[in-house]
1. Mind listing whichever residues of the range 229-274 are over 30 Å from Met155 (Cβ atoms) and at pLDDT 70 or above?
2. Please indicate, with yes or no, whether at least one residue in the range 60-70 is closer than 14 Å to Ala244 by Cβ, in a loop (DSSP other than H, G, I, E, B) and either in contact (Cβ under 8 Å) with a residue 12 or more places away in the chain or of a type outside the set (D, E, K, R) (or both).
3. Report, ordered by the first and then the second residue, all pairs with beta carbons closer than 8 Å, sequence separation of six or more or different chains, a first member in the range 75-90 that is farther than 13 Å from Trp154 by Cβ, and a second member that is hydroxyl-bearing (Ser, Thr, Tyr) and open to solvent by 30 Å² or more (accessible area, probe 1.4 Å).
4. Please find, among Glu48, Glu117, the residue that is loosely packed, with under 13 Cβ neighbours inside 10 Å and either among the aliphatic types (A, V, I, L, M) or closer than 30 Å to Leu24 by Cβ (or both).
5. Determine which single condition Ile14 fails, assuming it passes every other condition in (1) assigned to a helix (DSSP H, G or I); (2) open to solvent by less than 30 Å² (accessible area, probe 1.4 Å).
6. Quick one: which of Ile172, Ile212 is hydrophobic (A, V, I, L, M, F, W, C), farther than 16 Å from Leu88 by Cα and open to solvent by 60 Å² or more (accessible area, probe 1.4 Å)?
7. Could you check the range 129-162 and list, in sequence order, the residues that are under 13 Å from Phe91 (Cβ atoms) and either of a type outside the set (Ser, Thr, Tyr) or open to solvent by less than 40 Å² (accessible area, probe 1.4 Å) (or both)?
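The values are calculated or read from the model by the stated rules, or taken from the named source; none is laboratory data. Keep in mind that this is a model prediction, so the values were computed, not measured. No Cβ is skipped: glycine too gets one built from the backbone with ideal geometry, and neighbour counts run over all protein chains shown. Heavy atoms of the whole protein, side chains included, go into the accessibility calculation; ligands, DNA and RNA do not. Shrake-Rupley method; radii C 1.70, N 1.55, O 1.52, S 1.80 Å.
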Amino acid sequence: MRSSTSGLVLRYAILILLALLILLPFVSLVLAALHESGSTVAGLALPETFHWENFALAWQEGGYTNLMRSSFIVALAAVPINAICAILAGFSLAVLHPWIGKQLSVFFVLGLTLPVELIVIALYFNLRNVGLTNNYLGVIGGVVALLLPFGVYWMQSHFASMPPSLVEAGRIDGAGDLTLLRRVLLPLSGPALTTLAVLVFMWTWNQFLLVIVLMQDPAMRTAPAGLGLFVGQYTTNIPLLAAATIITVAPIVIMYLIFQRNFIAGISQGAIKE
């Protein structure tokens, strides 16, 4: 009994410690954003007066109206394109078992190891030859190609983990491939699709190097790319920089809070399947 209580206390102590390690940087960032613009910030020091106007000033100085519009254009286009391609490819590899399907699966897994730094220069010259640099289509296509291997791997694993009896029952009822996908498998794939959408949205939103290289017009760059330029301009103005950082990450936090239940269900789905 005593050892059980000690183990419970130890587990809670470790969880509290880990939570503090994750939350303290965010608390420090918020406190820094509320100091007077241009003042010196020391760790977790509380400001004498909360300067909420820093967020409006950072929005105006950083040109966040254009940056946020560009971020939403790229992210809201990349997420559905990536999801549709991942669903079709994952369904084909897991259920239809096409010729050289195993080799294609290995090919997509290898794509997970491909760093953006390795392909970004070649991608720039290829897109420039077809007039897609400094263009949203070029960035969206690059992001979709970069993140598609994970999407295909994720959806293939999800469809492969579903009971074969579902597919067999659909076949007995005369369902074709698309009907089987649309009427039988997709209605049961909500958590997996939500998790994929949240992850792709987050990774697309956080793209920095790809956007910097493919977008030369500062007004068309996304929020994280604009934040990178903002750092150089206000290197010593920590409160303004902290406010701009919070503005940049806010959409990701809001999206996670909205879909957190399905996101956690999708992440843990593989762990509870037999």
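1. Narrowing the range 229-274 to residues over 30 Å from Met155 (Cβ atoms): 229-247.
If the condition is that a residue be over 30 Å from Met155 (Cβ atoms) and at pLDDT 70 or above, then Asn237, Ile238, Pro239, Leu240, Leu241, Ala242, Ala243, Ala244, Thr245, Ile246, Ile247 are the ones that fit.
2. yes
3. Cβ pairs passing all conditions: Ala77/Tyr136.
4. Numbers: Glu117 fails: either among the aliphatic types (A, V, I, L, M) or closer than 30 Å to Leu24 by Cβ (or both).
Only one candidate passes the filter, namely Glu48.
5. Going through the list (1) assigned to a helix (DSSP H, G or I); (2) open to solvent by less than 30 Å² (accessible area, probe 1.4 Å), Ile14 breaks only (2).
6. Numbers: Ile212 fails: open to solvent by 60 Å² or more (accessible area, probe 1.4 Å).
Criteria check complete, one pass: Ile172.
7. Answer for the range 129-162, where residues must be under 13 Å from Phe91 (Cβ atoms) and either of a type outside the set (Ser, Thr, Tyr) or open to solvent by less than 40 Å² (accessible area, probe 1.4 Å) (or both): Gly151, Val152, Trp154, Met155, Gln156, His158, Phe159, Ala160, Met162.
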